[in-house]
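Visitor: Here it is, the structure in full.
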Amino acid sequence: MNGINLDMDVLRTLVTAQQLGSFNRAAERLGRSQSAISQRLRKIEEQIGEPLFQKQGRGLALTPAGDVVLAYARRILDLNDEAVAAVRGFAIDGRVRVGLPADFAETWLPAVLGRFKRTHPSVRIAAVVDRNRRLLESLDKGELDLVLSLGNEARADAQPVGALPFEWIGPVSTERIWTAEEPIPLAMFEAPCFFRQRALETLDNAGLPWRIAFTSPSLHGLWAAVEAGLGVTLRTTVGLPSRLQVVVDATLLPPARMPALKVSLHDGARSLEPAVERLRDIIVETLAASPQGFALP
């Protein structure tokens, strides 16, 4: 029996449409008409012999077969792109200095840098994990080439790459760490910190008393304090340890109903060397495919 060779262009169309949320956006991104996109997707349905989409309201949703194809399409395209980049990567050398907040350091950074290093073995990488303000100061001084930051979308050099909702974070234990009569204990970063500011504003607007029970200069220290039951904190769920959870008891805390936290890439408005430009592309691609709740702009 002859094997079926899936069309790489069709697979890329499928992944792009899913990432962007619509066929219209996929058509614009790929420079094709919507009818051409539809024809491509019908082609892969004919090859597989199963429908990939079904009607859902006014739009389309993936069928179970579509979910399977999408998962394999991402893996196939990653290998294809990595192979091409690996061959081309030998022609790129130099160094890349990248900075990012601790939220991304453990679960997300190793995958990005590992992928970059495999395809660009001659490039020297230096990664700095710090608070947003310090990272951007280093970028402006020319000490870093790229910075991934939270909540700095107003900067002129900001390239929006996603958004994350704010959540109240507490220990996995179901025991309440304060009574209804007590001020809500908070574990927070040292000021200035926009997470701290928004947490206090949210509680003040709800008329709830609070107290700062623990202050930390590091995310590790903050997570440890929350795990120990010293207080709750307001953050995103990126890099959230398994020993912590989103607090969903609405009788204890007001919902964090505020605009999602914007995630941006910054280059200091400088022209980029090829190695830096390639790392930027990998960061954007990785965030787009992230299962951790990024909403693309």
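Coordinate-derived values only; no laboratory data. All figures in this text were calculated on a predicted structure; none of them were measured in a lab. For neighbour counting, all protein chains shown are included, and Cβ atoms are generated from backbone atoms with ideal geometry for every residue, glycine included.
Visitor: Antiparallel DSSP bridges in the chain: what percent, to the nearest 5? Please list the in-between numbers first.
Guide: On the way: 20 of 36 bridges.
Of all bridge pairs located within the chain, approximately 55 percent are antiparallel.
Visitor: Return the long-range amide H neighbours of V96 (sequence gap of 5 or more, or a different chain), with a cut-off of under 5 Å between placed amide H atoms.
Guide: Under 5 Å from the amide H of V96 lie the amide H atoms of R124, I125, A126, each far enough along the sequence or on another chain.
Visitor: Compare the peptides 121-128, 185-192, 95-102, 106-113 by average per-residue count of other Cβ atoms within 10 angstrom and give them in order, highest first. Please list the in-between numbers first.
Guide: Working: 121-128: 14.2, 185-192: 17.5, 95-102: 20.9, 106-113: 15.9.
Per-residue Cβ counts within 10 Å, averaged per peptide and sorted highest first, yield 95-102, 185-192, 106-113, 121-128.
Visitor: Okay, moving on. Could you derive backbone 3J(HN,Hα) for the range 124-135 from the dihedral phi with the Karplus parameters 6.51, -1.76 and 1.60 (θ = phi - 60°), listing whole Hz in sequence and x where the residue is Gly or Pro?
Guide: 8, 10, 10, 10, 10, 10, 7, 6, 3, 4, 5, 5
Visitor: Label-point separation (nm) for M258 and I76, each offset 7 Å from Cα along Cα-to-Cβ?
Guide: In this crude label model, M258 to I76 measures out at 4.4 nm.
Visitor: A further question on this structure: Compute the acute angle (0 to 90°) between the alpha-carbon long axis of helix 34-48 and the principal axis of greatest extent of the alpha-carbon atoms of the chain; round to the nearest 10°.
Guide: Approximately 80 degrees, to the nearest ten.
Visitor: For a protection proxy built on the mean count of beta-carbon atoms within 10 angstrom, sort 165-172, 196-203 highest first, please.
Guide: Going by the mean number of other Cβ atoms within 10 Å, highest first, we get 165-172, 196-203.
Visitor: Right, next: In nm, to one decimal, how far is the E273 label point from the R155 one, both placed 7 Å along Cα→Cβ?
Guide: 2.0
Visitor: Taking K and R as +1 and D and E as -1, what net charge do the other residues with C-beta under 15 Å from the C-beta of A73 add up to? Please report the intermediate quantities before stating the final value.
Guide: Working: positive: R12, R40, K43, R74, R75; negative: D7, D9, E45, E50, D67, D78, D81, E82, E285.
Cβ neighbours under 15 Å give a net charge of -4.
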